[in-house]
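Here the structure is laid out as structure tokens; the discussion comes afterwards.
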Number of protein chains: 4
Amino acid sequence: MPIEKIAISSSGKTYYIRNVHEDLHTKDGFLKKDDLENAKNGTLLRSNTGVEFFVFDPALADIYKRISRGPQIIPRKDLGFIAAETGMNKESIVLDAGTGSGAAACFFGMIAKEVFTYELREDFLAIAEKNIELMGLKNIMLKLGNVYEKIEEKELDIIVLDLPEPWLAVGNAFSALKAGGFLVAYSPTTPQVQDFVIEVSKHSSLMVIKVVEISEREWEVKERKVRPKSQAIGHSGFIVIARKLSS
Amino acid sequence: MPIEKIAISSSGKTYYIRNVHEDLHTKDGFLKKDDLENAKNGTLLRSNTGVEFFVFDPALADIYKRISRGPQIIPRKDLGFIAAETGMNKESIVLDAGTGSGAAACFFGMIAKEVFTYELREDFLAIAEKNIELMGLKNIMLKLGNVYEKIEEKELDIIVLDLPEPWLAVGNAFSALKAGGFLVAYSPTTPQVQDFVIEVSKHSSLMVIKVVEISEREWEVKERKVRPKSQAIGHSGFIVIARKLSS
Amino acid sequence: MPIEKIAISSSGKTYYIRNVHEDLHTKDGFLKKDDLENAKNGTLLRSNTGVEFFVFDPALADIYKRISRGPQIIPRKDLGFIAAETGMNKESIVLDAGTGSGAAACFFGMIAKEVFTYELREDFLAIAEKNIELMGLKNIMLKLGNVYEKIEEKELDIIVLDLPEPWLAVGNAFSALKAGGFLVAYSPTTPQVQDFVIEVSKHSSLMVIKVVEISEREWEVKERKVRPKSQAIGHSGFIVIARKLSS
Amino acid sequence: MPIEKIAISSSGKTYYIRNVHEDLHTKDGFLKKDDLENAKNGTLLRSNTGVEFFVFDPALADIYKRISRGPQIIPRKDLGFIAAETGMNKESIVLDAGTGSGAAACFFGMIAKEVFTYELREDFLAIAEKNIELMGLKNIMLKLGNVYEKIEEKELDIIVLDLPEPWLAVGNAFSALKAGGFLVAYSPTTPQVQDFVIEVSKHSSLMVIKVVEISEREWEVKERKVRPKSQAIGHSGFIVIARKLSS
């Protein structure tokens, strides 16, 4: 069932409404179904306890936020960087592995023409399928399979590996990329980065472009209280960007 | 004249070839026009001094890199973050100001459906026009105008302000956004961030979602030499993301 | 009562023992008073449940760790930086304000010849006095007073202001410093930094040397799990270092 | 020859004067020897071209800055952190290896009771000796020797290894430390950190307390231009702090 409306309370809490024909119960009181049914994009409603709620049609950003929770998800700061560095665009054919909950595939699916996403576990594919449906994306191909063993696609623009041993997929990824295509590995630890770079270096037509960490630091800005937040966002992963230079 | 081919030397230096019917002179010798004319995507050529060059069709990532040089350009790490946080996608209608060389507009144009870009100076618009042509993008509307005074578009999904006084555009931006739309300001200094946040806070239907800095740290990975690079990439700008919650 | 022994369990938990003539109860069982009484520096004891404890004489580092808990304390990374930048040494005469729990004064007291520490509140001075006693330091002068109004000392080498409005103390600090002496302000927010720098700039013989933030990033290193810790240490404060150049 | 005076021009440039009986030539004109001879601490002089110079007696911070130039030196941010974490104080007996130019030994010598510093190369020891003399420090013992092979001292409080293969010194360092003492390794790369931690872990009485990176970020603060400096200070080294828990 899709998300029909988003309600954000004046305190900043977000609610995802799947059925506007039911009352919405929140910790700040409830919103009546009659009000929800009639709400247009941007309507201001009041709960029974008088708290204001902004109600609007969900943007993809809202649904994506909803499906991309959890510790194993690549954060947006890193996905945005990968898209930016590889020049991902409306013509791009992208492959990602492993699928997990499908969040990265959905992210790429918002930007790219077509996304192939490989996953070993059927239970994860089922979760991913629901998330893709929630996002309303039609350009994502779920594939049960192991990229360490085989990649069926050819002439891909971008491959993103979020796997424990990305070096095991380098050979298959190389064959599946077109000349000029990008191979990206996302890994939390430095020994993984080392082993991936060593494997990439064995291919004379693959070149490591960049190894980076992206940090996001949030600030508090309220009158004179202008300062980085006390709690920083910690480490997520290193991004290795390699490129196939010759076919 | 478009970029016809990219040549990357084995030492990692990139050359943008606009005319394959001429010899390409590099600091590692020259590539013959006959070879360049016949090169397919991913062909390996050798210069007269024996240096290897990979020759391939330019990806948008290559052309973007070419046009986005210079100190005033928003770095890719920040553009990627803005796109990721706002959920920019193939259906998005985006406005950015000021255009400058058009790099940000081109970046958004790779992802979004349509981009309106406002610039005060005609000479900058002329540069931007050439860059957009080089990128081959058809969905960017160049507009001579001042967003402090007027924004003609309505129901926009995302507005990105890269201006010295973004707070002067908040009122017009608010009117131009649809409910649920995002207003982003990019500013190098904290007093600019403060003033923008103060102005946003005057609108009860605008909510500051996040104030962040994105840092990119590059690593060196060569055998046992695994370490952050000595020269870090410095500060570029603070990103304020606000949202219009009600119409 | 001083800390007589430190016990560190094999799981890394630290216990501060003030009375070796009593059993020590821990969440890993208890250590017998007979064993504690006879323990030398570095003795290995076992609790009644078989857990190993290393028992040793407290170093100043241990006692300092004990007294420097709490959110309002300047972290060691910042105190170490202040000492390093000002060249604090065995001959230095240092003043700090406000005293708070006395942690910063104790830190400087470990290094400097003499420390004067100003505090408005008598209850804080009482806490500080106990902490100084615990550290066994004899070179710290507790002073009830307000540096915004008066500093009695002259020819000081270093003044460190950890106060909400450090700019109000600039004039007095200037008079109290010797030529070549350092004036340091520690502030969590950028507007405080701005106002302090503006005030310093009014004195032609005071020069701002540096405005910095010091970040500490902890790593996890266990076999192949080599990575920055997920939870980063957040922002504490900005350090402004100014210098008096002429008398 | 010691440094007799420091002159800082109003533009912030520092000059180290070894002979006040000679004119000082600067890029902002020259200061007359008569003026220099008569200058007291904090005297304001004017060059022949009218530029102001503050002249004062050198603080240890000034001389230390002078001797600690060069890429191989441990930066002050890191030395300050090491001193702070180990609780280095006026009673501490410290050992450092290798000496290099002696900068770290001088830094520790300003704080500790006694510093033993080991160096393999006689030419480096000669440079270090001059720097120690310049600092006027009497508590530093220069030792020609290799800590991988032997450490003669016993019951040390703190050992700091700034060596390419610090793991080779762990056994000797362990024997030389007192129970409760600290063993610190400073290394630029992660594989060095891994190998040091592995070696430390083989000793059941050594415990790794912390692996950290310290970053220093400088800010620009001029009226409304409040922002991190464009050029960040890059990576220097990782600090591993271990402790000997039992004798």
- [ ] Roll a 1.4 Å probe over the protein chains and send me the accessible area per residue for the protein assembly as shown in Å².
- [x] 41 Å²
Open item on the list: Counting only other chains, and only Cβ atoms inside 10 Å, what mean value do you get across the residues of C:180-191?
Closed with: 5
Task: For residue C:218, inter-copy label distances in nm, listed shortest first [label point 7 Å out on the Cα-Cβ vector] - done: 2.1, 3.0, 3.2
Open item on the list: Once neighbouring chains are kept in place and the probe is 1.4 Å, which whole percent of the accessible area of the protein assembly as shown is contributed by carbon and sulfur?
Closed with: 49 percent
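For residue B:113, what is the net charge nearby, where nearby means another residue's Cβ is under 10 Å from its Cβ and Lys, Arg count +1, Asp, Glu -1?
On the way: positive: A:90, B:90; negative: B:91, B:114, B:157.
My count for the surroundings of residue B:113 gives -1.
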TODO: Beyond 32 Å, what share of the Cα-Cα pairs of chain A is found? Please give it as a whole percent.
DONE: 33 percent
- [ ] Quick one: work out Rg over Rh on the C-alpha atoms of the protein assembly as shown, Rh as Kirkwood radius.
- [x] 0.99
- [ ] Can you list which of the trypsin sites (Lys or Arg not before Pro) found in the range C:119-180 are DSSP loop residues with at most 10 other C-beta atoms within 10 Å?
- [x] C:138, C:154
Open item on the list: Rounded to the nearest 5, what % of DSSP beta bridges with both residues in chain D are antiparallel?
Closed with: 65 percent
Task: Protection proxy ranking of D:35-42, B:4-11 - average other beta-carbon atoms within 10 Å, highest first - done: B:4-11, D:35-42
- [ ] Distance check, please: which entries in C:90/D:33; B:5/B:130; A:130/C:229; A:40/A:65; B:33/B:90; C:77/C:113 exceed 27 angstrom between their Cα atoms?
- [x] C:90/D:33; A:130/C:229; B:33/B:90
TODO: Would you list, by chain and number, the aspartates and glutamates whose Cα falls below 14 Å from the Cα of residue B:210, excluding same-chain residues fewer than 8 positions away?
DONE: A:216, A:218, A:220, B:78, B:85
TODO: Report, as an integer, the average count of C-beta atoms from other chains found within 10 Å of each Cβ along B:40-51.
DONE: 2
Open item on the list: Loop only by DSSP, 13 or fewer other Cβ within 10 Å of the Cβ. Give me the GluC sites (Glu not before Pro) in the range D:40-91 that pass, ordered by residue number.
Closed with: D:91
Open item on the list: If I ignore ligands, DNA and RNA and count only protein heavy atoms, how much of residue C:56 is accessible to a 1.4 Å probe, in Å² to the nearest 10?
Closed with: 0 Å²
Open item on the list: Given the rotation relating D and B, tell me which residue in D puts its Cβ closest to the axis and the distance in Å.
Closed with: D:232, 2
Task: Cα pair distances in the range C:172-236, grouped into 10 Å bins until the bin that holds the longest one, percent each - done: 16, 34, 21, 15, 11, 2
Task: Lys, Arg +1 and Asp, Glu -1 on Cβ, resulting dipole of the range B:199-239 about Cα centre, debye, nearest 20 - done: 220 debye
Open item on the list: Per-residue Cβ counts within 10 Å, from other chains only, averaged over D:227-239: what number is that?
Closed with: 6
TODO: Quick one: compute a quarter of the convex hull surface over the Cα atoms of the range A:131-247 and quote it in nm².
DONE: 10.4 nm²
Open item on the list: For a quick check of your reading of the filter: which chymotrypsin sites (Phe, Trp or Tyr not before Pro) in the range A:77-125 sit in a DSSP loop and have no more than 11 other Cβ atoms within 10 Å?
Closed with: none
Task: Residue order for A:141, D:135 - accessible surface, 1.4 angstrom probe, largest first - done: A:141, D:135
Task: Cβ-vector label at 7 Å, residue D:150, separations to other copies in nm - done: 6.3, 6.7, 8.9
- [ ] Report relative contact order for the range C:1-128 in percent, whole number only (criteria: Cα-Cα under 8 Å, sequence separation at least 6).
- [x] 17 percent
- [ ] Obtain the nm distance between the two label points defined at residue B:40 and residue C:144 by a simple spin-label model: each point lies 7 Å from its Cα along the Cα-to-C-beta direction.
- [x] 9.1 nm
- [ ] Kindly give the distances from residue B:29 to its copy-mates, label point to label point, with each label point 7 Å from Cα along Cα→Cβ, as nm values to one decimal ordered shortest first.
- [x] 6.0, 7.5, 8.0
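The values are calculated or read from the model by the stated rules, or taken from the named source; none is laboratory data. Note that the coordinates shown come from a computational prediction; the quantities given were computed from them, not determined experimentally. Glycine gets a Cβ as well: all are built from the backbone with ideal geometry, and neighbour counts include every protein chain shown. Ligands, DNA and RNA are stripped out before the accessible areas are found, and what is left, the full protein with its side chains, is counted by its heavy atoms. Shrake-Rupley method; radii C 1.70, N 1.55, O 1.52, S 1.80 Å.
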